[in-house]
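Report on one structure; see the data block that follows.
Coordinate-derived values only; no laboratory data. Nothing here was measured: the structure is a model prediction, and the numbers come from that model. Note that we place each Cβ from the backbone using ideal geometry, even for glycine, and neighbour counts take in every protein chain shown.
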Amino acid sequence: MPTVLYGNMKGGVGKTTNSVMTAYQLARKGYKTLVCDLDPQANATQLLRRTYGLQHGTDLKIEKTMMVALTEENIEPAIVNIMDNLYLLPSSEDFKNYPDFLEMKFMPDKEKILAGNSTTLQSEMAKVKEKRIAYFSKQLAKVHDQYDFIIIDVPPTLSIFTDSAIYATNFVIIVLQTQQRSLDGAETFFEYLQEMYNNYANIDFDIIGVLAVLLKNNAGLDSQILKDARVDFGDDMLFNQIIRHMERLKRYDRTGIAEKGLTKYDMHDTRLHYIYTKLTDEIIARLKDKGALN
């Protein structure tokens with residue numbers, strides 16, 4: 001049951017769009033899929049809420065926020081159904097309080113610190129830090145077996161949100177838009193993943209690959225960035241399927257994901273869904289090669 005994290009240390013690279021579109025295609029293929037939106041900006045949540053509205057003709061009702069569910073140590077009541085096989089653990093305005101909640105829940109042992117030395121202090125703080133970032137993983141583990149796939153979206157920052165997602169995942173996809181800042185962000189994210197892997201014995205993940213998102217089709221800079229990425233990450237790490245610039249994706253952010261037979265649908269939607277079907281097939285194939293899927 002793979003848990004897949006999409007990441008890059010730069011915002012605006014298509015991380016959320018690609019994670020949601022992949023989850024959507026997995027659901028259409030019959031995989032029961034859960035999207036966890038660990039970004040307080042809630043972009044994945046908004047996209048899927050609009051998708052729900054398109055399919056059902058009504059607004060999605062969220063009875064309990066993820067933040068409340070996490071404080072109650074039971075996230076299941078916060079999970080909502082978007083469509084057949086597609087579920088969402090939504091982010092909301094109060095999720096920005098998650099770091100404060102963890103800080104209050106897992107306080108350092110003052111007696112140990114006062115009685116010890118600098119080594120004791122460092123050891124105690126390291127234990128507290130791991131308890132904080134492991135908390136979401138422990139809550140997710142309670143529902144993990146109910147799904148075939150779990151997709152996690154995170155903010156493009158080094159934060160407790162990102163650390164919590166990395167701790168909970170077992171596979172990572174690095175999203176790379178073809179511009180220099182995105183390449184820098186991808187490299188920084190890769191280095192940070194290695195640091196997290198080395199620092200915590202309970203973290204165990206593999207990188208499925210690097211997903212290239214073209215800023216402009218057939219532009220010289222795009223080709224150069226892709227060439228640099230192949231050198232930096234290795235040729236086999238880049239997905240064969242490249243996500244080219246498509247205006248229709250911008251519409252989905254505003255309207256939700258179009259579904260044939262239910263919404264206005266044309267050749268641009270057909271092409272877009274075909275591309276993401278091919279990407280999803282490649283992700284599945286790579287996971288099968290790693291023994292994560294039958």
### Query
Among the DSSP beta bridges whose two residues both lie in region 3-289, what percent are antiparallel, rounded to the nearest 5?
10
### Query
Farthest toward the dipole's positive end in region 147-294, which of Met267, Thr157, Leu238, given Cβ charges of +1 (Lys, Arg) and -1 (Asp, Glu) about the Cα centre?
Met267
### Gain in span if fully extended, Asp94 to Asn81, counting 0.36 nm per residue against the direct Cα distance
2.6 nm
#### Entry: Amide H contacts under 5 Å for Ile152, placed H, 5+ residues apart
Val4, Leu5, Tyr6, Cys36
### Message
For a protection proxy built on the mean count of beta-carbon atoms within 10 angstrom, sort 134-142, 40-48, 12-20, 243-251 highest first, please.
### Response
12-20, 40-48, 134-142, 243-251
### Query
Between (1) 147; (2) 115; (3) 130, which matches volume of the Cα convex hull per residue in Å³ calculated for the structure shown?
(3)
#### Entry: Student exercise, region 3-289 dipole from Lys, Arg, Asp, Glu Cβ charges, in Debye to nearest 20
780
### Query
Each residue of region 190-206 in turn: what ³J(HN,Hα) in whole Hz from Karplus with 6.51, -1.76, 1.60 and θ = phi - 60°, glycine and Pro shown as x?
4, 5, 5, 4, 5, 5, 5, 4, 6, 8, 10, 5, 7, 8, 8, 9, 10
## Note on the structure
A correct Karplus calculation of ³J(HN,Hα) over region 179-184, with 6.51 cos²θ - 1.76 cosθ + 1.60, θ = phi - 60°, whole Hz and x for Gly and Pro, returns 8, 4, 5, 5, 4, 4
### Query
Out of residues 5 or more away from Leu238 or on other chains, whose amide H comes under 5 Å of its own, with H placed 1.01 Å from N in the peptide plane?
Val210
## Note on the structure
With +1 at each Lys and Arg Cβ and -1 at each Asp and Glu Cβ, the charge dipole magnitude of region 13-58 around its Cα centre, to the nearest 20 debye, comes out at 200
